[in-house]
1. Show the residue pairs meeting these rules: Cβ distance below 7 Å; 6+ apart or different chains; first residue within segment B:62-77 and under 16 Å from B:Arg28 (Cβ atoms); second residue of a type in the set (Val, Ile, Thr) and away from ligand 1 (no atom under 15 Å from the Cβ).
2. Report yes if B:Thr57 is within 14 Å of chain A (Cβ to nearest Cβ), within 15 Å of the chain's Cα centre (by Cα) and buried (at least 16 other Cβ atoms within 10 Å of the Cβ), otherwise no.
3. Out of A:Leu41, A:Leu20, A:Leu87, I need the residue that is part of a helix (DSSP H, G or I), modelled with pLDDT of 95 or more and in contact with a helix residue (DSSP H, G or I) (Cβ under 6 Å, 6 or more places away or on another chain). Which one?
4. Pick from segment B:1-17 the residues that are facing chain A (nearest Cβ under 7 Å) and in a loop (DSSP other than H, G, I, E, B): which of them is most open to solvent (accessible area, probe 1.4 Å)?
5. If you scan segment B:60-83, which residues turn out to be more than 10 Å from ligand 1 (Cβ to nearest atom), crowded, with 16+ Cβ neighbours inside 10 Å and under 14 Å from B:Val119 (Cα atoms)?
6. Determine if segment B:115-129 includes at least one residue that is over 28 Å from B:Thr15 (Cα atoms) and within 14 Å of chain A (Cβ to nearest Cβ).
7. Select from segment B:79-98 the residues that are charged (D, E, K, R) and closer than 16 Å to B:Val60 by Cβ and write down the one among them that is farthest from ligand 2 (Cβ to nearest atom).
8. Please state which one of A:Arg108, A:Arg188, A:Arg144 is touching a residue at least 24 places away in the same chain (Cβ under 8 Å), open to solvent by 20 Å² or more (accessible area, probe 1.4 Å) and of a type outside the set (A, V, I, L, M, F, W, C).
Amino acid sequence: MKPVAFDYCRPESVEEATALLHELGGDAVLLAGGMSLGPMLNMRLVRPSVIVDINRIEGLDRIVLNDSVVIGAMARQGDVMADVNLLGEVPLLEAVLPHVGHFQTRNRGTFGGSVGHADPSAEIPLALVTLGGTVELTARRGVRRVPAAEFFHGVLTTARRADEMITALHWPRRRRRSGYAFEEVAQRHGDFAIAAVACMASLGEGGELAELRLAFGGVEDRPILADTSSFIGAPADGASAAEIAAKVADGLEPMEDIAASADYRRALARTLGLSVLERAFEQVAGS
Amino acid sequence: MRRIGGNERHRIELTVNGRSHAGEAEPRMLLSDFLRHRLGLYGTHVGCEHGVCGACTVIVDGRAVRSCTQYAIQAEGATIETVEGLADGERLNALQQAFHEHHGLQCGFCSAGILMSAVHFLKENPRPSEAAVRDMLSGHICRCTGYDGIVRAILDAAGTLKDQTKETIGE
Ligand code: FES
Ligand code: FES
């Protein structure tokens, strides 16, 4: 299992990289940590003529805490997992990251790579959609930011154009009176999730739901943000959680594959949905 | 910017187990193949070649990573540790000795990768819980041992390393 022969380019700056993408367009493939692309190259599912290795671009792994939390595209998953300040500001990532692959793959795997690859079951894209973060894309002609909910179009398909590269992800900071929770079911810890659910719930002073973001991974062809608008103002209690989980799970159109049937995925979505909602509500109550 | 044609061979220099090495590789040559076939370091094993089994794990610039999902050209100038660097001549290091004592291996195919993962893991977690060790091992596949001996070996080695540290500090 060896990849096809490819030309190799190793730009040292974003300018060099975007100039290359401008020149090569769809012939070039961006190589970040290689935790998804590497296997696909070895299996020859991808046969690029040129690989643009962005591992040595200085500063692309930056982590900045200001109004939002900026995680550079080449930040390694393991480094973010060890960054307690950052995890304090984006608590959902603390819950999510232990499920992203394994120790050995997080040592190399990146945030930008996971988002750019857009596996429907990947946890980092799910977390970004749940929190309402944005994807920063840079091309020679300029920079734009795409809301995560609009970035993922389908299996391994995104809003990124051929001359663009992901340079950072922008994460909203933790809010007051908010709870965050994540759960998934996979055949083995670290494997692709059969279903994954993440949520952020903000409560008003009277314990009612002020904002609720609930999203599902591994169920449809991309992370799906549920419509929870009809529950705003409802009490944040167990009865609401059960009602929300049931209604939202009914609205999903789950995939069917070798790992699970559509019905099983829907059942998981309901069960995990209930559990993350209860946990998020309890977090706020307990704080 | 480095730019190399698909069929061009490029001379790659790097440090492995404290020694400088060099070899030639085309861009598509995997780091695992480079270590084995260019440098003759056959201790690093290759199982699945798509990042799943962990047999090929080596330490690159301080981190335990798969060597089958990166290219030799990417490791230009890197500092690499492989299983060949663990023992001191015939003398096993504490971790290897623990694997020996706890039946942490049978055929040994998975061992090189697990040992290198454990070296990095123990550096970050000098006193790991059993759950943490098992979580780290989820990135490896062993078809012989049932993992139990491996878990005990790593926990014991962590104890051993700890005692050694104590002695050094006490001196
Ligand atoms: S050979 Fe590299 S992970 Fe299996
Ligand atoms: S000892 Fe044989 S595969 Fe682990």
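The values are calculated or read from the model by the stated rules, or taken from the named source; none is laboratory data. Keep in mind it's a predicted model, so treat the numbers as computed, not measured. Neighbour counts are summed over all protein chains in view; Cβ atoms, including those assigned to glycine, are modelled from backbone coordinates with ideal geometry. Protein only, heavy atoms only, side chains kept; ligands, DNA and RNA dropped before computing areas. Shrake-Rupley method; radii C 1.70, N 1.55, O 1.52, S 1.80 Å.
1. B:Ala72/B:Ile12; B:Ile73/B:Ile4; B:Ile73/B:Ile12; B:Glu76/B:Ile12
2. yes
3. Being part of a helix (DSSP H, G or I), modelled with pLDDT of 95 or more and in contact with a helix residue (DSSP H, G or I) (Cβ under 6 Å, 6 or more places away or on another chain) holds for just one of A:Leu41, A:Leu20, A:Leu87, which is A:Leu87.
4. B:Asn7
5. B:Val60, B:Arg63, B:Ala64, B:Ile80, B:Glu81, B:Thr82, B:Val83 - these are the residues of segment B:60-83 that are more than 10 Å from ligand 1 (Cβ to nearest atom), crowded, with 16+ Cβ neighbours inside 10 Å and under 14 Å from B:Val119 (Cα atoms).
6. Yes - at least one qualifying residue is present in segment B:115-129.
7. Among those that are charged (D, E, K, R) and closer than 16 Å to B:Val60 by Cβ, it is B:Glu81.
8. Residue meeting the stated conditions: A:Arg108.
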